[in-house]
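Report on the structure given below.
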Amino acid sequence: MMPRCAICEVVSASQLCHGCQALIVPIDNPCQSCAKPIPDEQTLCGQCRQQPPPFSHTFCTTIYQSPVSLWVHELKFANRMDRAAVLAEAMAPMLAHVPLNVPLIPVPLHRQRLRHRGYNQAHEIARLIAKQQVRPLLSDVLLRRKNTAMQAELSEQERTANVRNAFAVNRSLAEPRVLLLDDVMTTGQTMQAASRCLLQAGVGRVDAVVFARSG
Ligand SMILES: [Zn+2]
Ligand SMILES: [Zn+2]
């Protein structure tokens, strides 16, 4: 059988045909820290200038908007684990210049949500990128100890409280640098909490890796 585009099903050698690849619009001028879209003349957004996040840089493929937001939604809520391959293919090129000994760490789900969903979407994406790039994958060191409410359903203030102490590690980590991967970054609070936990465990530098950034 001819390989087909995972989205529109036209014949395509890669997961995404050129037409569907073009739907993934890169961010014009992302903040160098958190990837938020900012005016051309700036390198950091106001928030990162005021209070730099614990992660150093954010690799972000695109803006969280239709139709790519639908692919993420399908991956998380419609049992479409196959969408992880689409996101992984779109995200992998961003990491082409990151040394191959820098490991990927997926943002974990709490075991209750993992049981409910059946898989961790961030782990599926990270696993595919790690396999393709022959990059180490550390999927069992970072743990989610609180079954936090969905960040999207909360106010800014509630989000901060929601993720505080949400993460733990099960051993010390001497890695000079790691890539912390999630599907979407919204306020960045989850990434920040997970990064802080990794830095406290001995990691030298955390870079965030996400498929999409919301506004
Ligand atoms: Zn297509
Ligand atoms: Zn920023």
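Structural remarks
- Rounded D (µm²/s) - segment 41-129, Kirkwood Rh over Cα pairs, Stokes-Einstein at 4 °C, 1.567 mPa s: 86
- 0 to 90° range, to nearest 10: angle between helix 68-77 axis and the chain longest Cα axis: 70
- Expressed per residue, the C-alpha convex hull volume of the chain stands at 129 Å³.
- Protection proxy ranking, peptides 22-30, 69-77, average beta carbon neighbours within 10 Å, highest first: 69-77, 22-30
- Each Cα pair under 8 Å and six or more residues apart adds its sequence gap; the mean of these over the residue count of segment 34-133 is a relative contact order of 26 percent.
- In a fully extended conformation the segment linking SER172 and ARG80 would gain 29.7 nm over its present Cα-Cα distance, using 0.36 nm per residue.
- Modelled spin-label separation between HIS73 and SER214, with each label point placed 7 Å from Cα along the Cα-to-Cβ direction: 1.2 nm.
Throughout, read-outs are computed from the coordinates displayed, never taken from laboratory work. The structure displayed is predicted, hence computed values, not measured ones. All Cβ positions, glycine included, derive from the backbone under ideal geometry; neighbour counts span all protein chains shown.
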